[in-house]
Amino acid sequence: MKNIMTEYIKCLAKESLIDEIRFVDADDYEPKAIFKGRQPRDIMPEAKTIILTLIYIGGVDMEDFDDSLHGRISKLALSGFYSNVVKPTESIVDYLRLKGYKAIVTDSELDDKSISLKSVAVKAGLGWIGKHTVMINKKYGSFIALGGIITDADLSQIYETQPVGCPEGCDLCQRACPTKANKSDLNLNRLLCISDYLEGSKIPVEEEVDISNYFYECDICQLVCPYNTKHIKEPLDTPYTKFFKSLALSAEKFSFENLIKMSEEEYIKEVVPLYYGFELSYEMFKRNVRLAYESAKNRKV
C-alpha cells in the first residue's frame, strides 16, 4: 500500500511540473532550540511524513535583459514560488485527504504552518546549505524552489545525505555580497541582507552600496556560485523551464523608464502579482526603483 501511494504521488508531482519529490520522516530537527515552534509536529502532532518537493527555477529569467536599462528582482520572486511551492502540491494534498489522511501544505506566508524546508531537503539527500545559507544541489545548483506537505500518512523513506560540496576555500558568495551580510560561513546577517532591507522602512547603507539593479529581493550571492554558472549560461530544459519560457516575460516591463513613471494603479496590476509572501508598498517600490536606477547609473560612470 505504501509503495502504491508513493508511486501515485510521484505521478501527480510529475503532472505538476515538480522535478524532485522525497518522503522524509517528521521527527524533530536539530538543534531543537533553533526550530522551536517550527517542528513538523508543532503544526500536526500526529505527523509521520514530510513530502518534500523541488522545482528547478534556473530557467526563470526575463528576455532581453540589459543591465544598464532594466530593474531586477530575484529568480525566486520572479518564479512565483517565493513563499514555497504551494499550488503544484494541491493535487497531492487532495489525494491524501481522499485516502483519509491529514495533509497540510507548509507555506512561509502563514507563520503557523511554516517549517524549515532546507533542513528537510538536507535530510532528504537533496543537497547541502552553502556558506550563503542557501540550499545547493549538485544537479540544479541553488536555483530551486522547495515545497512541503505535512501528513499523518506513513510514507517516509531513508535517504543518503550529500556531503558539503562547496569547493575548498571558495568564498565567492561572501565576497560578492555588497553589504557583507554573509561574511561568516553559514551565518546571514538579515539586517544587512539586501533582500531584507529592500523590504524595510530604512536602508542602512543606501548611499554606499551597489544593489545591482534590484528593486525587490536579491540573488547576487547565487549568481557567482560555481554550481550556478552553467545554469546561467544554459538552463536545464525542465518542464518548468519550458513553461516559463512560454510566458515570454519581456524585460521591457522592468525598464527603468517604465518603472520610474509607473503609477500606483499600474504597479498594483503589473508588479504586485509577482509578490508572494510579502507585498511591497508603492512608496517603498518607488524608493527601491530610485536606488536601483542610481546604482545602474553610477556603475556606468
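List of remarks:
- For the pair LYS32 and LYS245, a Förster radius of 41 Å applied to the C-beta separation gives a FRET efficiency near 0.45, rounded to the nearest 0.05.
- Estimated inter-spin distance, GLU90 and CYS11, nm [label 7 Å along Cα→Cβ]: 2.1
- Cα convex hull volume per residue for the chain (Å³): 141
- Full extension of the chain segment joining GLU265 with SER68 gains 68.3 nm, where the gain is 0.36 nm per residue of separation less the Cα-Cα distance.
All of the numbers you see were taken from the coordinates with simple rules; none came from a lab. In this text, all values refer to a predicted model and were calculated from it rather than measured experimentally. Here Cβ is always computed from backbone atoms with ideal geometry, including for glycine, and neighbour counts include all displayed protein chains.
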